[in-house]
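Colleague: Can you keep this structure in mind? I'll have questions shortly.
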Amino acid sequence: MKLLVVGTGSIGKRHLGNFQKYFDICDIADNRQDRIDECKEKFKVDNSYTNYEEAIEKNDYDLVLITLPPHLHLDVAKKAVGKNVNLFIEKPLGMNNQGWKEIAEECNKRSLINYVAYCHRHINYTKKFKEILKTNKFGKVLNVSMKWGSYLPDWHPWEDYKSFYMAKKEQGGGALLDESHGIDLIRYFFGEVKEVFAIVDKTSKLEISSDDHALLTLRMNDENLVQINFDLVARVPSCKMEVTAEKGTLIWDRVAHKIQTYDTEKKKWDEEVFTKEDFLDMYTNQTKYFVDCLKQKSKTMIDINDAMKTQEIIDKSFLSSKEKKIIIL
């Protein structure tokens with residue numbers, strides 16, 4: 001089994017560390033020699049390249065991990081699929097949906113396993129929350145409110161945030177694209193979206209060209225209403241979802257690592273507390289899940305076709321903000 005990791009920034013290193021135990025040969029590609037050197041010190045690295053195209057041309061890989069900024073995802077995917085290589089793509093799928101339908105069709109034609117890393121589905125208390133919702137104990141969901149925010153300069157304290165791709169619109173940075181984990185979770189919990197109204201903007205003094213706020217109002221297919229506040233300015237991190245249902249309230253909290261439910265008949269709150277380790281295990285859980293799919297040649301739960309549905313909501317949110325109107329999906 002041969003692996004190529006394209007992009008060895010923070011998330012690339014994390015994935016390399018998790019995937020290396022499943023592969024006999026692990027190669028990396030990055031245009032920064034300092035990152036290549038760091039990976040060689042920390043991980044099992046067989047070969048390194050400063051040009052991913054050269055790596056893909058010279059080798060027959062079983063899997064390519066695409067862990068570059070979003071504006072580069074599509075080009076790497078085209079190259080890998082052209083050599084019949086399976087794909088693991090860091091989220092979001094790309095800058096927009098353009099070109100990805102063709103990639104998905106090629107993957108299907110060539111029987112290639114593909115996956116987009118919306119890893120929050122692999123947190124144990126995310127799965128538990130979905131199970132609670134499925135029991136219908138609290139009746140019909142009426143509305144959902146999500147807050148997903150943190151302060152961008154705190155993300156990578158070892159580097160200047162202005163040099164980080166998240167600060168650059170042209171590279172796919174910004175609150176809406178990067179924090180789209182939240183959109184994926186809304187779909188995972190409540191189904192598909194049929195309408196979106198959004199304001200996507202930069203309102204802070206951060207020295208970035210990307211958006212630092214994305215405020216979304218979604219109407220789901222079953223008429224539930226969802227409001228999402230993504231931002232890169234929250235000095236106290238928040239990653240929380242509150243669900244209002246006919247017979248109670250449910251809260252999923254990724255920062256406090258807990259699930260809370262309020263039953264209107266009993267008039268009491270119940271709480272189940274998890275740990276930070278439960279949260280961080282999502283990466284190893286995701287790796288094992290994907291490798292199992294790869295070995296069994298089975299379709300993944302978040303393949304390119306599924307991720308395109310999340311990407312469409314992102315694309316339509318940008319359009320809604322630009323045109324100042326509700327957009328129908």
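The values are calculated or read from the model by the stated rules, or taken from the named source; none is laboratory data. No experiment lies behind these values; they were computed from the predicted model shown. As a convention, Cβ positions derive from the backbone with ideal geometry for all residues, glycine included, and neighbour counts pool all protein chains shown. Accessible surface areas use protein heavy atoms only, side chains included; no ligands, DNA or RNA. Shrake-Rupley method; radii C 1.70, N 1.55, O 1.52, S 1.80 Å.
Colleague: Which members of region 174-207 meet the condition of being open to solvent by less than 20 Å² (accessible area, probe 1.4 Å), part of a loop (DSSP other than H, G, I, E, B) and more than 16 Å from residue 240 (Cα to Cα)?
Modeller: If the condition is that a residue be open to solvent by less than 20 Å² (accessible area, probe 1.4 Å), part of a loop (DSSP other than H, G, I, E, B) and more than 16 Å from residue 240 (Cα to Cα), then 174, 206 are the ones that fit.
Colleague: Please indicate, with yes or no, whether at least one residue in region 272-281 is open to solvent by less than 50 Å² (accessible area, probe 1.4 Å), out of contact with any Ser or Thr (no Cβ under 8 Å at 6 or more places or on another chain) and polar (S, T, N, Q). Give the steps one after another, and end with the answer.
Modeller: Step one: of region 272-281, the residues open to solvent by less than 50 Å² (accessible area, probe 1.4 Å) are 274, 278-279.
Imposing the further condition that a residue be out of contact with any Ser or Thr (no Cβ under 8 Å at 6 or more places or on another chain) reduces the set to 274, 278-279.
Adding the requirement that they be polar (S, T, N, Q) leaves none.
Scanning region 272-281, I find no residue that is open to solvent by less than 50 Å² (accessible area, probe 1.4 Å), out of contact with any Ser or Thr (no Cβ under 8 Å at 6 or more places or on another chain) and polar (S, T, N, Q), so the answer is no.
Colleague: Does residue 294 meet the test of being at pLDDT 95 or above, more than 30 Å from residue 174 (Cβ to Cβ) and in a helix (DSSP H, G or I)? Before you say what the answer is, go through the steps one by one.
Modeller: Numbers: at pLDDT 95 or above: yes; more than 30 Å from residue 174 (Cβ to Cβ): yes; in a helix (DSSP H, G or I): yes.
So residue 294 fits the description; yes.
Colleague: So, one more: Tell me which residues, restricted to region 140-160, are surrounded by 14 or more Cβ atoms within 10 Å (Cβ to Cβ) and either at pLDDT below 95 or in a strand (DSSP E or B) (or both).
Modeller: 141, 144, 145, 146, 147, 148, 149, 150, 151, 155, 156
Colleague: Taking only pairs six or more apart or across chains, which ones have beta-carbon atoms under 7 Å, a first residue in region 126-137 that is under 13 Å from residue 190 (Cα atoms), and a second residue that is surrounded by 15 or more Cβ atoms within 10 Å (Cβ to Cβ) and among the β-branched types (Val, Ile, Thr)?
Modeller: 129/259; 132/261
Colleague: At positive phi and in contact (Cβ under 8 Å) with a residue 12 or more places away in the chain: which single residue out of 18, 84 fits that description?
Modeller: Unique residue meeting the criteria: 84.
Colleague: Next up: Specify which of the listed residues (217, 249, 261, 244) is over 19 Å from the mean Cα position of the chain (by Cα) and either buried (at least 19 other Cβ atoms within 10 Å of the Cβ) or part of a loop (DSSP other than H, G, I, E, B) (or both).
Modeller: Numbers: 217 fails: either buried (at least 19 other Cβ atoms within 10 Å of the Cβ) or part of a loop (DSSP other than H, G, I, E, B) (or both); 249 fails: either buried (at least 19 other Cβ atoms within 10 Å of the Cβ) or part of a loop (DSSP other than H, G, I, E, B) (or both); 244 fails: either buried (at least 19 other Cβ atoms within 10 Å of the Cβ) or part of a loop (DSSP other than H, G, I, E, B) (or both).
Unique residue meeting the criteria: 261.
Colleague: When the residues of region 297-326 are narrowed to those that are of a type in the set (Ser, Thr, Tyr) and in a helix (DSSP H, G or I), which ends up nearest to the chain's Cα centre (by Cα)?
Modeller: Start the filter on region 297-326 by keeping residues that are of a type in the set (Ser, Thr, Tyr), which leaves 298, 300, 310, 317, 320-321.
Among the residues that remain, those that are also in a helix (DSSP H, G or I) are: 310, 317, 320-321.
Numbers: 310: 10, 317: 17, 320: 22, 321: 22 Å.
Across region 297-326, the extreme among qualifying residues is 310.
Colleague: I would also like to ask the following. If you go through region 77-94 one residue at a time, do you hit one that is of a type in the set (Gly, Ala, Ser) and under 18 Å from residue 174 (Cβ atoms)?
Modeller: Just the residues of region 77-94 that are of a type in the set (Gly, Ala, Ser), to begin with: 77, 80, 82, 94.
This time we only want the ones that are under 18 Å from residue 174 (Cβ atoms), so: 94.
Yes, region 77-94 has at least one match.
Colleague: Quick check, is residue 316 at pLDDT 95 or above and surrounded by fewer than 18 Cβ atoms within 10 Å (Cβ to Cβ)?
Modeller: The answer is no for residue 316.
Colleague: I've got another one for you. If you go through region 25-42 one residue at a time, do you hit one that is of a type in the set (A, V, I, L, M, F, W, C), open to solvent by 10 Å² or more (accessible area, probe 1.4 Å), farther than 16 Å from residue 113 by Cα and in contact with a helix residue (DSSP H, G or I) (Cβ under 8 Å, 6 or more places away or on another chain)?
Modeller: Start the filter on region 25-42 by keeping residues that are of a type in the set (A, V, I, L, M, F, W, C), which leaves 25-26, 28-29, 36, 39.
Still in the list and also open to solvent by 10 Å² or more (accessible area, probe 1.4 Å): 25.
Those still in the list that are farther than 16 Å from residue 113 by Cα too: 25.
Filter again for in contact with a helix residue (DSSP H, G or I) (Cβ under 8 Å, 6 or more places away or on another chain), leaving none.
For region 25-42, residues of a type in the set (A, V, I, L, M, F, W, C), open to solvent by 10 Å² or more (accessible area, probe 1.4 Å), farther than 16 Å from residue 113 by Cα and in contact with a helix residue (DSSP H, G or I) (Cβ under 8 Å, 6 or more places away or on another chain): absent.
Colleague: Please tell me if residue 131 is of a type in the set (Asp, Glu), part of a helix (DSSP H, G or I), out of contact with any Gly (no Cβ under 6 Å at 6 or more places or on another chain) and over 25 Å from residue 170 (Cβ atoms). Break it down into steps so the answer makes sense when it comes.
Modeller: Numbers: of a type in the set (Asp, Glu): yes; part of a helix (DSSP H, G or I): yes; out of contact with any Gly (no Cβ under 6 Å at 6 or more places or on another chain): yes; over 25 Å from residue 170 (Cβ atoms): yes.
The answer is yes for residue 131.
Colleague: Also: Right, residue 84: surrounded by 17 or more Cβ atoms within 10 Å (Cβ to Cβ) and within 30 Å of residue 53 (Cα to Cα) or not?
Modeller: Values: surrounded by 17 or more Cβ atoms within 10 Å (Cβ to Cβ): no; within 30 Å of residue 53 (Cα to Cα): yes.
No; evaluated as a whole, the condition is false for this residue.
Colleague: When you scan region 73-86, do you find a residue that is of a type in the set (A, V, I, L, M) and under 18 Å from residue 22 (Cα atoms), even just one?
Modeller: Quick first cut of region 73-86, residues of a type in the set (A, V, I, L, M) only: 74, 76-77, 80-81, 85.
Adding the requirement that they be under 18 Å from residue 22 (Cα atoms) leaves 85.
So far as region 73-86 goes, yes, one or more of its residues are of a type in the set (A, V, I, L, M) and under 18 Å from residue 22 (Cα atoms).
Colleague: Among the residues of region 264-291, how many are in a strand (DSSP E or B) and of a type in the set (A, V, I, L, M)? Talk me through it step by step, then tell me what you get.
Modeller: Restricting attention to region 264-291, the residues satisfying the condition of being in a strand (DSSP E or B) are 268-273.
Then keep just the ones that are of a type in the set (A, V, I, L, M); that gives 273.
Total meeting the criteria: 1.
Colleague: Which numbered condition in (1) touching a Phe, Trp or Tyr at 6+ places or on another chain (Cβ under 6 Å); (2) within 22 Å of residue 309 (Cα to Cα); (3) buried (at least 21 other Cβ atoms within 10 Å of the Cβ) is the only one that residue 114 fails?
Modeller: In the conditions (1) touching a Phe, Trp or Tyr at 6+ places or on another chain (Cβ under 6 Å); (2) within 22 Å of residue 309 (Cα to Cα); (3) buried (at least 21 other Cβ atoms within 10 Å of the Cβ), residue 114 misses (1) alone.
Colleague: Does any residue of region 164-173 turn out to be outside any helix (DSSP H, G or I) and among the hydrophobic types (A, V, I, L, M, F, W, C)?
Modeller: Looking only at region 164-173, we keep the residues that are outside any helix (DSSP H, G or I), and these are 164, 168, 172-173.
Filter once more, keeping what is among the hydrophobic types (A, V, I, L, M, F, W, C): 164.
Checked against the condition, which is being outside any helix (DSSP H, G or I) and among the hydrophobic types (A, V, I, L, M, F, W, C), region 164-173 yields at least one hit.
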